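Below is one structure, written out as C-alpha coordinates; the observations come after it.
The values are calculated or read from the model by the stated rules, or taken from the named source; none is laboratory data. Worth saying up front: this structure is predicted, and the values here are computed from it rather than measured. Every residue, glycine among them, receives a Cβ derived from its backbone with ideal geometry; neighbour counts consider all protein chains shown.
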Amino acid sequence: MTPPPRLILATRNAHKTAEIRAMVGDRFEVLDATAFPDFPEIEETGTTFLENARLKAEGISRHVDGWVLSDDSGLEVDALGGAPGVWSSSFGGEEGNHGKNNARLLAKMAGKTDRSARFRCTMVLAKGGAEQANFSGTVEGRIIDALRGAGGFGYDPMFIPTGYEETFAELGDAVKNTLSHRSRALAQVVEFLAGRNC
(Lines give C-alpha, C1' and ligand atoms only; values in the text may rest on other atoms or scores of the structure.)
Protein backbone atom coordinates (compact mmCIF):
# COMPACT_ATOMS: atom_id res chain seq x y z
CA MET A 1 0.00 0.00 0.00
CA THR A 2 1.41 3.35 -1.08
CA PRO A 3 1.83 5.80 1.81
CA PRO A 4 -0.04 9.10 1.45
CA PRO A 5 1.92 12.09 0.14
CA ARG A 6 3.51 14.39 2.69
CA LEU A 7 2.15 17.86 3.34
CA ILE A 8 4.47 19.93 5.50
CA LEU A 9 2.94 22.84 7.36
CA ALA A 10 5.05 25.93 7.90
CA THR A 11 3.82 26.36 11.46
CA ARG A 12 4.59 25.34 15.02
CA ASN A 13 1.01 26.13 16.08
CA ALA A 14 -0.43 22.85 17.37
CA HIS A 15 -4.01 24.16 17.06
CA LYS A 16 -3.58 24.91 13.34
CA THR A 17 -1.88 21.58 12.71
CA ALA A 18 -4.67 19.67 14.46
CA GLU A 19 -7.37 21.54 12.50
CA ILE A 20 -5.70 20.92 9.16
CA ARG A 21 -4.95 17.28 9.97
CA ALA A 22 -8.61 16.73 10.89
CA MET A 23 -9.80 18.39 7.69
CA VAL A 24 -7.59 16.51 5.23
CA GLY A 25 -8.06 13.14 6.94
CA ASP A 26 -5.90 10.34 5.59
CA ARG A 27 -5.31 11.93 2.18
CA PHE A 28 -1.97 13.31 3.37
CA GLU A 29 0.61 12.67 6.02
CA VAL A 30 0.50 16.06 7.72
CA LEU A 31 3.69 17.19 9.45
CA ASP A 32 4.57 20.60 10.81
CA ALA A 33 7.75 22.46 11.68
CA THR A 34 8.01 20.72 15.06
CA ALA A 35 9.03 17.56 13.18
CA PHE A 36 12.00 19.44 11.70
CA PRO A 37 14.08 21.00 14.51
CA ASP A 38 16.47 22.59 12.00
CA PHE A 39 13.80 24.65 10.28
CA PRO A 40 14.52 28.37 10.60
CA GLU A 41 12.19 30.81 12.30
CA ILE A 42 10.56 32.84 9.52
CA GLU A 43 9.81 36.40 10.52
CA GLU A 44 6.36 37.57 9.45
CA THR A 45 7.22 41.03 8.20
CA GLY A 46 4.41 41.30 5.65
CA THR A 47 1.51 43.72 5.91
CA THR A 48 -1.02 41.35 4.35
CA PHE A 49 -2.03 37.75 5.01
CA LEU A 50 -0.73 36.77 1.57
CA GLU A 51 2.68 38.33 2.13
CA ASN A 52 3.14 36.55 5.46
CA ALA A 53 1.92 33.20 4.13
CA ARG A 54 4.26 33.51 1.14
CA LEU A 55 7.26 34.33 3.36
CA LYS A 56 6.65 31.23 5.48
CA ALA A 57 5.91 28.79 2.64
CA GLU A 58 8.82 29.84 0.45
CA GLY A 59 11.22 30.08 3.39
CA ILE A 60 10.47 26.62 4.75
CA SER A 61 10.28 24.98 1.31
CA ARG A 62 13.96 25.84 0.75
CA HIS A 63 14.82 23.36 3.51
CA VAL A 64 12.67 20.33 2.66
CA ASP A 65 11.53 18.30 -0.35
CA GLY A 66 7.85 18.20 -1.21
CA TRP A 67 4.86 20.44 -0.75
CA VAL A 68 4.95 23.07 1.98
CA LEU A 69 1.71 24.72 3.03
CA SER A 70 1.53 27.88 5.10
CA ASP A 71 -1.35 30.00 6.19
CA ASP A 72 -1.79 33.39 7.68
CA SER A 73 -5.15 34.16 9.12
CA GLY A 74 -6.92 36.49 11.44
CA LEU A 75 -9.98 38.43 12.40
CA GLU A 76 -11.16 41.56 10.56
CA VAL A 77 -13.63 43.75 12.46
CA ASP A 78 -15.44 46.36 10.37
CA ALA A 79 -15.97 48.83 13.22
CA LEU A 80 -12.20 48.80 13.82
CA GLY A 81 -11.27 49.42 10.19
CA GLY A 82 -10.33 45.79 9.62
CA ALA A 83 -8.25 45.42 12.78
CA PRO A 84 -6.79 43.34 14.27
CA GLY A 85 -6.15 41.77 10.82
CA VAL A 86 -2.58 40.56 10.29
CA TRP A 87 -1.80 41.49 13.90
CA SER A 88 -4.54 39.23 15.31
CA SER A 89 -2.17 37.01 17.27
CA SER A 90 -0.42 39.96 18.98
CA PHE A 91 -3.34 42.40 19.27
CA GLY A 92 -3.25 42.34 23.07
CA GLY A 93 0.45 43.18 23.17
CA GLU A 94 1.86 39.68 23.64
CA GLU A 95 2.23 37.22 20.77
CA GLY A 96 -0.16 34.29 21.07
CA ASN A 97 -1.81 35.42 24.32
CA HIS A 98 -5.47 34.70 23.54
CA GLY A 99 -6.69 36.13 26.85
CA LYS A 100 -5.04 39.50 26.27
CA ASN A 101 -6.14 39.58 22.62
CA ASN A 102 -9.77 38.91 23.56
CA ALA A 103 -9.69 41.44 26.40
CA ARG A 104 -8.40 44.19 24.13
CA LEU A 105 -10.98 43.38 21.46
CA LEU A 106 -13.80 43.45 24.03
CA ALA A 107 -12.58 46.87 25.23
CA LYS A 108 -12.29 48.25 21.69
CA MET A 109 -15.79 47.03 20.79
CA ALA A 110 -17.51 48.51 23.87
CA GLY A 111 -20.41 50.67 22.70
CA LYS A 112 -19.99 49.81 19.01
CA THR A 113 -23.24 49.11 17.18
CA ASP A 114 -21.62 47.63 14.04
CA ARG A 115 -20.56 44.15 15.16
CA SER A 116 -19.83 42.69 11.70
CA ALA A 117 -16.57 40.81 11.27
CA ARG A 118 -14.96 37.98 9.39
CA PHE A 119 -12.21 35.46 9.79
CA ARG A 120 -9.89 35.41 6.78
CA CYS A 121 -7.35 32.73 5.89
CA THR A 122 -4.80 32.89 3.08
CA MET A 123 -2.81 29.77 2.24
CA VAL A 124 0.26 29.40 0.06
CA LEU A 125 1.69 26.18 -1.39
CA ALA A 126 5.39 26.24 -2.19
CA LYS A 127 8.06 23.89 -3.48
CA GLY A 128 11.77 24.45 -3.75
CA GLY A 129 11.59 27.99 -2.41
CA ALA A 130 8.93 29.20 -4.85
CA GLU A 131 5.20 29.77 -4.49
CA GLN A 132 3.14 27.38 -6.60
CA ALA A 133 -0.36 28.67 -5.78
CA ASN A 134 -2.32 30.63 -3.20
CA PHE A 135 -5.86 30.32 -1.87
CA SER A 136 -8.17 32.34 0.36
CA GLY A 137 -11.21 31.59 2.48
CA THR A 138 -13.46 33.77 4.64
CA VAL A 139 -16.36 33.27 7.02
CA GLU A 140 -18.63 36.19 7.86
CA GLY A 141 -20.14 36.74 11.26
CA ARG A 142 -20.39 39.08 14.21
CA ILE A 143 -18.58 39.92 17.44
CA ILE A 144 -20.45 39.53 20.72
CA ASP A 145 -19.78 41.45 23.93
CA ALA A 146 -18.77 38.52 26.17
CA LEU A 147 -16.80 35.29 25.81
CA ARG A 148 -18.91 32.15 25.31
CA GLY A 149 -17.82 28.54 25.01
CA ALA A 150 -14.80 26.49 25.96
CA GLY A 151 -13.80 25.08 22.56
CA GLY A 152 -11.65 26.40 19.77
CA PHE A 153 -8.90 28.95 20.29
CA GLY A 154 -8.09 32.59 19.68
CA TYR A 155 -11.15 34.75 19.07
CA ASP A 156 -13.52 31.77 18.72
CA PRO A 157 -15.43 32.56 21.99
CA MET A 158 -16.37 36.02 20.63
CA PHE A 159 -17.31 35.18 17.03
CA ILE A 160 -20.72 33.95 15.88
CA PRO A 161 -20.73 32.87 12.21
CA THR A 162 -23.61 34.07 10.05
CA GLY A 163 -26.56 31.68 10.20
CA TYR A 164 -25.77 30.46 13.72
CA GLU A 165 -26.50 31.60 17.27
CA GLU A 166 -23.48 29.90 18.85
CA THR A 167 -19.88 31.06 18.87
CA PHE A 168 -17.17 29.01 17.19
CA ALA A 169 -16.12 28.01 20.71
CA GLU A 170 -19.61 26.64 21.40
CA LEU A 171 -20.15 24.94 18.03
CA GLY A 172 -17.25 22.54 18.47
CA ASP A 173 -14.54 21.44 16.07
CA ALA A 174 -16.74 19.15 13.96
CA VAL A 175 -19.06 22.00 12.96
CA LYS A 176 -16.39 24.70 12.87
CA ASN A 177 -14.22 22.65 10.52
CA THR A 178 -17.03 22.47 7.95
CA LEU A 179 -17.51 26.23 7.65
CA SER A 180 -14.39 27.97 8.89
CA HIS A 181 -12.18 30.28 6.85
CA ARG A 182 -9.39 27.71 7.13
CA SER A 183 -11.56 24.86 5.87
CA ARG A 184 -12.68 26.92 2.87
CA ALA A 185 -9.11 27.72 1.87
CA LEU A 186 -7.96 24.18 2.57
CA ALA A 187 -10.65 22.66 0.34
CA GLN A 188 -9.11 24.61 -2.55
CA VAL A 189 -5.63 23.36 -1.60
CA VAL A 190 -6.79 19.73 -1.59
CA GLU A 191 -8.50 20.18 -4.96
CA PHE A 192 -5.36 21.77 -6.41
CA LEU A 193 -3.15 18.91 -5.18
CA ALA A 194 -5.61 16.28 -6.38
CA GLY A 195 -5.32 17.76 -9.86
CA ARG A 196 -1.60 17.06 -9.69
CA ASN A 197 -2.10 13.48 -8.50
CA CYS A 198 -0.80 14.29 -5.03
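For residues that are more than 17 Å from the chain's Cα centre (by Cα) and not polar (S, T, N, Q), tally how many sit in region 1-48. Within region 1-48, residues that are more than 17 Å from the chain's Cα centre (by Cα) and not polar (S, T, N, Q) number 17.
Within region 92-119, residues that are at negative phi and aromatic (Phe, Trp, Tyr) reach partners that are in a loop (DSSP other than H, G, I, E, B) and modelled with pLDDT of 95 or more with beta carbons closer than 9 Å, at six or more positions or on different chains, in the pairs Phe119/Tyr155.
Taken over region 70-90, the residue count meeting the criterion of being touching a residue at least 12 places away in the same chain (Cβ under 8 Å) and out of contact with any Phe, Trp or Tyr (no Cβ under 9 Å at 6 or more places or on another chain) is 7. Of all residues in region 15-38, exactly one satisfies the criterion of being free of Cβ contacts under 8 Å to residues at least 12 places away in the same chain and either hydroxyl-bearing (Ser, Thr, Tyr) or not in a helix (DSSP H, G or I) (or both), namely Pro37. So is Gly154 in contact with a helix residue (DSSP H, G or I) (Cβ under 8 Å, 6 or more places away or on another chain), outside any helix (DSSP H, G or I), modelled with pLDDT of 95 or more and not β-branched (Val, Ile, Thr) or not? Answer is no for this residue. Evaluated against (1) part of a loop (DSSP other than H, G, I, E, B); (2) free of Cβ contacts under 8 Å to residues at least 24 places away in the same chain, His63 falls short on exactly one condition, (2).
In a residue-by-residue description of region 96-116, the property of being at pLDDT below 90, surrounded by fewer than 21 Cβ atoms within 10 Å (Cβ to Cβ) and under 16 Å from the mean Cα position of the chain (by Cα) applies to at least one position. Residue selection: Ala130 fails the criterion of being surrounded by 14 or more Cβ atoms within 10 Å (Cβ to Cβ) and under 27 Å from His63 (Cα atoms). Put simply, of Gly92, Gly82 the only residue that is within 19 Å of Met158 (Cβ to Cβ), assigned to a loop (DSSP other than H, G, I, E, B) and touching a His at 6+ places or on another chain (Cβ under 9 Å) is Gly92.
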